[in-house]
Amino acid sequence: MRARRPGDTTALAALAAPAVTAHPDETLRALANRMARHEVTRLLVVTRDARPRVEDVISPRHLLTARRIDLHEEHHAERVLTLGARARRAEPNTPCRTQPLQRVRKGSP
């Protein structure tokens with residue numbers, strides 16, 4: 001049997017390689033970076049106990065789902081902040097677009 005060389009992509013070499021793992025308290029950014037660095041599409045989530053046990057498997061789909069949720073929350077937060085910023089920029093005594101314009105006659109109270 002020949003020795004395994006770096007870059008050897010046979011199925012046996014892939015099975016013999018140690019699993020790339022993650023821990024439940026790590027950030028998704030760290031997991032995505034680890035997946036890219038090791039060129040894998042799955043990470044085993046293991047406990048930090050003396051005898052680690054597998055709790056879950058993280059895939060790119062999990063990362064994309066979490067990112068989609070983050071984007072939705074960011075979009076919602078930006079919309080709220082944008083509305084507040086517009087209200088502060090308005091000149092004093094300038095009617096707001098949501099209020100109907102009223103005619104004021106000269107000399108009326």
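Tell me, which residue of the stretch 27-68 that is polar (S, T, N, Q) and either assigned to a loop (DSSP other than H, G, I, E, B) or touching a residue at least 24 places away in the same chain (Cβ under 8 Å) (or both) is farthest from A17 (Cα to Cα)? Lay out the reasoning, then the answer.
If we filter the stretch 27-68 for residues that are polar (S, T, N, Q), which is where we start, we get 27, 33, 41, 47, 59, 65.
Checking the rest, the ones that are also either assigned to a loop (DSSP other than H, G, I, E, B) or touching a residue at least 24 places away in the same chain (Cβ under 8 Å) (or both) come to 27, 41, 47, 59.
On the way: T27: 24, T41: 15, T47: 20, S59: 19 Å.
So, considering only residues that are polar (S, T, N, Q) and either assigned to a loop (DSSP other than H, G, I, E, B) or touching a residue at least 24 places away in the same chain (Cβ under 8 Å) (or both), the one farthest from A17 (Cα to Cα) is T27.
Taking the condition loosely packed, with under 13 Cβ neighbours inside 10 Å and among the charged types (D, E, K, R), does E39 pass? For E39, the condition - loosely packed, with under 13 Cβ neighbours inside 10 Å and among the charged types (D, E, K, R) - is met.
Every read-out reported here was derived from the displayed coordinates using simple, explicitly stated rules and does not represent laboratory data. Just so it is clear, the model here is predicted, and its values are computed rather than measured. Here Cβ is always computed from backbone atoms with ideal geometry, including for glycine, and neighbour counts include all displayed protein chains.
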